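What follows is one structure encoded as C-alpha cells, with my remarks underneath.
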Amino acid sequence: MASSLSTRPWHVNPSARSWRAGTTIDDPGTFHRSMNGYRASDLVELDGVAATLGIGRVLVKDESDRFGLPAFKALGASWAIARTVTSRLALPRVPASFDDLRAAVAEHRGLTLVTATDGNHGRAVARVASWLGLSSRVYIPGGLSDAARNGITAEGAELIESDSIYDDVVRLAAESTAGRADELLVQDTSWPGYEDVPQWIVDGYSTLFTEADAQLTELGAMTFDLVVVPTGVGSLLQSAIEHYRGRSRWHPGVLGVEPVTAACVTLSRDAGEIVSVDTSTPTRMAGLNCGTPSSIAWPALRDGADATIGVTDDEAVSASRQLATFGISSGPCGAASLAGLRALVGDDSRRLALGLGPDSVVVLISTESLAANPLPADDDSSSS
Ligand SMILES: Cc1ncc(COP(=O)(O)O)c(C=O)c1O
C-alpha cells in the first residue's frame, strides 16, 4: 500500500516475504572468477551507525572497485555479453572462462556491442568489449557528468550524445541495431520482445549477493533482516529479490531506494502496473534517473520487494559524506541505500512495517564510487 502520510514516495507490500522466484539460473560465479582482476568486493561494518539508527548492525557491500571500474555494472555486462555472444555465434555452450570467450570471438572482430546508459553500464560494456577486442557504441542522455562521459570514451567506445532523456536513448540504441547481424544490443533494461539479455544481466549481478551471503557467514551474522538496493529501472533490485526469494539461505526484507524525482518503481507499485515518470528534472543520482521499470523485473518488483522509498539529492549527498568518514567511496547513487535506510528508520510506522528492531542486521549495497559520480568541489548542500 502507498503511504498517505507524506509526499515521500513509499510503497510497502506486507506479503512480499512469501513471494518466491520461479527461475533458476546458470550461476555466473565461475565465469566471473575467471576474469582478470576478480575479487569479492568488501563487506564493511559501519561501527556506531547501527546504534544511532536503533538497529543491530549495518554493513556496506562496497562496489566502488569492481574489475577496476567504479561501479558494480561489469558483473551484469560481462555475463550478458558471454551469453549473447554464445547465442549469436551459435556456440555449443557458454564459454567456461573469459579467456575462452575471447578465443571464441577472435574470428569475429567485426562485432560491435551497443548500449544506452546513464553512466556506469555503458562504461562496463565498453570495457568488456575492449577486453574482447571488439568495438562498442554507447548512447547517453543529456546532462551526464564529464566524469561519466570521459569514463566511457576512455574505454574506446564511440559515444553518441543526445539531448533526450534516458528512456529515449534506450530506444535510439535499440533502433540503431535493428536488423544488424554485426551488432549486439547489451541493454540493462527490458521491454516486450527484448528479454533475454536483460535477464542475463540480472543473473550476472547475483554474484555480488552470493559474495555478501558468504561474507555475512564469515562475520558471524546470526540473522540478516534487510538488504537495501539503489534502484533505477529495477534490474539490480530484481536480482536481489530473485536471490533472496530463491537461492539464498538468507531471507531478508528487500528495500529499493529511488530518487524522489524518478521513483518509477514506487509509482508503478502504487498504480499496480508499469507507469513511466518524467525524468527531465536533474538528479545527483544520475544512474538512478530512469523513467520506466524494466518489464521482466516487474513481477518481482511488484510482488517481491517489501518496500520501495524515495530519497532526495540532499539526503543522498549527506549519506555519501557519512560513508566517506568510514573510508568508503560512495557516489550519490551508491549512498542512496544509506539515505533510504535513514529515511526508513526515521519513521516509526515504516520501521515497524519492515520489522526492524535493535538486533536487526542490515546490508546496504553501495553501487558506485565517488569517482563514478563526483560531488562538485563546492558542494556543501548538506552534512552528515
Ligand atoms: C551506480 C548505480 N547504482 C544503481 C543502479 C540501478 O540499477 P538498475 O537500473 O538496475 O535499477 C545503477 C544503474 O545504472 C547505477 O549506475
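The values are calculated or read from the model by the stated rules, or taken from the named source; none is laboratory data. Here the structure is a predicted model, which means the values were calculated and not measured. We place every Cβ from the backbone using ideal geometry, glycine too, and count neighbours over all the protein chains shown.
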**Request:** Scan the stretch 43-73 residue by residue and report those that are within 11 Å of the ligand (Cβ to nearest atom) and assigned to a loop (DSSP other than H, G, I, E, B).
**Result:** Glu63, Ser64, Pro70, Phe72, Lys73
**Request:** Just one of (1) of a type in the set (Gly, Ala, Ser); (2) closer than 19 Å to Thr367 by Cβ; (3) crowded, with 20+ Cβ neighbours inside 10 Å trips up Gly37, so point out which.
**Result:** (3)
**Prompt:** Is at least one residue of the stretch 92-101 within 25 Å of Gly334 (Cα to Cα), surrounded by fewer than 19 Cβ atoms within 10 Å (Cβ to Cβ), of a type in the set (Ser, Thr, Tyr) and out of contact with any strand residue (DSSP E or B) (no Cβ under 9 Å at 6 or more places or on another chain)?
**Reply:** no
**Request:** Could you please let me know if Thr312 is of a type in the set (S, T, N, Q) and in contact with a Ser or Thr (Cβ under 6 Å, 6 or more places away or on another chain)?
**Result:** no
**Message:** Being modelled with pLDDT of 95 or more and more than 16 Å from the ligand (Cβ to nearest atom) is the requirement here; does Pro332 meet it?
**Reply:** no
**Prompt:** From the list Gly122, Gly133, which one is modelled with pLDDT of 95 or more, within 16 Å of the ligand (Cβ to nearest atom) and of a type outside the set (Phe, Trp, Tyr)?
**Reply:** Gly122
**Request:** Answer with yes or no whether Leu113 is in contact with a Leu (Cβ under 6 Å, 6 or more places away or on another chain), closer than 26 Å to Ala174 by Cβ and among the aliphatic types (A, V, I, L, M).
**Result:** yes
